[in-house]
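Worksheet: one structure, shown below.
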Amino acid sequence: MTSMSLGADAQEVKANVLEFIEKYGCEVAPDEAFDALAHKIFAFQFAHNMQYRAYCMSRRVTPQMLSDWMDIPPMPVDGFKMLTLTSVPEDDCEAVFMTSGTTHPGQRGRNYHPDLEVWDASMIGPFRHFIMPDRERMRIAVLSPAWEMNHNGSLARYLTRAVEQCGSEAAASSSMRMVGLRWCGKFLDQSVADGEPVMLMGASSAYLYLLDYLAERGKTYALAKDSRVFDTGGFKSTKTDMTVDDLYAKFLEVFGVARTHCVNMYGMTELSSQIYDQNLLSYYTDGSSNYLKATPSWVRSVFLDPATLTPVVDGEQGVIAHYDLANWNSCLAISDRRSWHAHRFRLRAQRSCEGCGGTRLLHRRRRGDGGKRMSVIDIFHAPRGFVFEDFETRGVLTDRGEVTLRYPVLTPETVQDLCETTRCNRSQTLAAYSVEHIVDIIGEAVELWTNPDYEVAR
């Protein structure tokens, strides 16, 4: 979709975001500039993104009520699974990025993009800034399918654009397809023979297969000086008790790439921007070792108390909320509660500083139960258009091992909002059904729950 195909409001918001990205890049944007554009984007989304508007109304927040950008209600990531969050009509969107569905198979989050001009602009500048501060191009091997093989994958788009913009000609011709383990072994052999620095890029979990493949063949390498390893995404569905520190130790052992040249990127399908380790930037700038994460100027990340949703004191745990101006079509504010409930990251917000972007982040992966994962099952149903924010969990033992049951915290305010949402749904949808039809549906539900062989009831 071209800019000319967008409505006037959408064209203006998109142009403002592109101007902001170009003007401030990875430097620190003035608070008033960030706040003004956040207000404008929120007003646009409130007017055109109906399901996000309903969510904001349930939180009793409108554009007229904002005092600053932190008053904008963050949409929980689960909302991207249950709701259609787009300000431009769904059918007019050029791309729809979808989550992998590893956490809840069959439930994939969707982020709609009218076109990819803003997304691409948001990606390439910070990539050059944080990953390639010392050079324009280098040879790259990608452990992932290319964009042409997966048009619903934001990571596929990211890696393909990285190769196009920053890879050598040889990289551009060889890395634009799914890289097999055998091919990657040959790439590493040739890199050592040539003595040229290279970069490996891929999901953290993909490296596990490569490391196993090389270990079976007794292969290790001493890649050239300035070589680097890029990883993202964590281990997700892979069964491993390996930590991030373990992974980077393997990179040194197998590739000869020290921790100073291993960079992690934090990204989400639900966002249009990425957050980076600063160690490569600091290494080539002043020789220091800065592993705190940094955002570009158009992203601000804060850490909130899960009970009050107010900012935590520096050094305390909290759930993370991102305010991403590049997410101009869906929701500019997103809360990633998975960081608290599932991944158990320890997070700390740092104040902005010159040259590092909007907010610095520090996270450490916590391990529990020897690194084993427990299945998480949601034992609740949310009415259409309603997203719970606060949850409690309970561990139970089953014949399949230990599972974690998750259910929402119900406050008087939440119950009131649920009732209002239900009344709205009744008038919009339920009123179209006869009483007999509704009774039949309830009867079917009762029959399932009273059946001792029904898996959910069991």
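Restricting 238, 243, 285 to those that are within 23 Å of residue 124 (Cβ to Cβ), at pLDDT below 95 and β-branched (Val, Ile, Thr) reduces the list to 285. Taking region 420-458, which residues are outside any helix (DSSP H, G or I), surrounded by 10 or more Cβ atoms within 10 Å (Cβ to Cβ) and modelled with pLDDT of 80 or more? Within region 420-458, just 451 meets the criteria. Residue pairs whose Cβ atoms lie under 7 Å apart, separated by 6 or more positions or on different chains, with the first residue in region 409-425 and closer than 20 Å to residue 306 by Cβ and among the aliphatic types (A, V, I, L, M) and the second surrounded by fewer than 15 Cβ atoms within 10 Å (Cβ to Cβ) and modelled with pLDDT of 75 or more, are 409/392.
Could you check how many residues of region 76-104 are within 15 Å of residue 48 (Cβ to Cβ) and either free of Cβ contacts under 8 Å to residues at least 24 places away in the same chain or part of a strand (DSSP E or B) (or both)? Lay out the reasoning, then the answer.
Within region 76-104, the first condition is being within 15 Å of residue 48 (Cβ to Cβ), and the residues that meet it are 83-93.
Pick out the ones that are also either free of Cβ contacts under 8 Å to residues at least 24 places away in the same chain or part of a strand (DSSP E or B) (or both) and you get 89-91.
Number of matching residues: 3.
In this structure, is residue 249 more than 26 Å from residue 274 (Cβ to Cβ) and of a type in the set (A, V, I, L, M, F, W, C)? Explain how you work it out, then say what you get.
Numbers: more than 26 Å from residue 274 (Cβ to Cβ): no; of a type in the set (A, V, I, L, M, F, W, C): yes.
In short, no.
Of the residues contained in region 21-38, none is found to be at pLDDT 95 or above, touching a Lys or Arg at 6+ places or on another chain (Cβ under 9 Å) and more than 25 Å from residue 303 (Cα to Cα).
Restricting attention to region 255-268 and to residues that are touching a residue at least 12 places away in the same chain (Cβ under 8 Å) and surrounded by fewer than 19 Cβ atoms within 10 Å (Cβ to Cβ), the residue that is nearest to residue 159 (Cα to Cα) turns out to be 267.
Screening 223, 252, 271 for residues that are of a type outside the set (Val, Ile, Thr), in contact with a strand residue (DSSP E or B) (Cβ under 9 Å, 6 or more places away or on another chain), surrounded by 21 or more Cβ atoms within 10 Å (Cβ to Cβ) and more than 22 Å from residue 318 (Cα to Cα) leaves exactly one candidate, 223. Consider region 165-184 and keep the residues that are more than 29 Å from residue 292 (Cβ to Cβ) and modelled with pLDDT of 85 or more. The one that is surrounded by the fewest Cβ atoms within 10 Å (Cβ to Cβ) is 168.
When each of 148, 117 is tested for being over 23 Å from residue 300 (Cα atoms), more than 18 Å from the chain's Cα centre (by Cα) and either of a type outside the set (Val, Ile, Thr) or modelled with pLDDT under 95 (or both), the lone residue that passes is 148.
The values are calculated or read from the model by the stated rules, or taken from the named source; none is laboratory data. From a predicted model like this one, the values you see are computed outputs, not experimental measurements. Cβ atoms come from the backbone with ideal geometry, glycine included; neighbour counts cover every protein chain shown.
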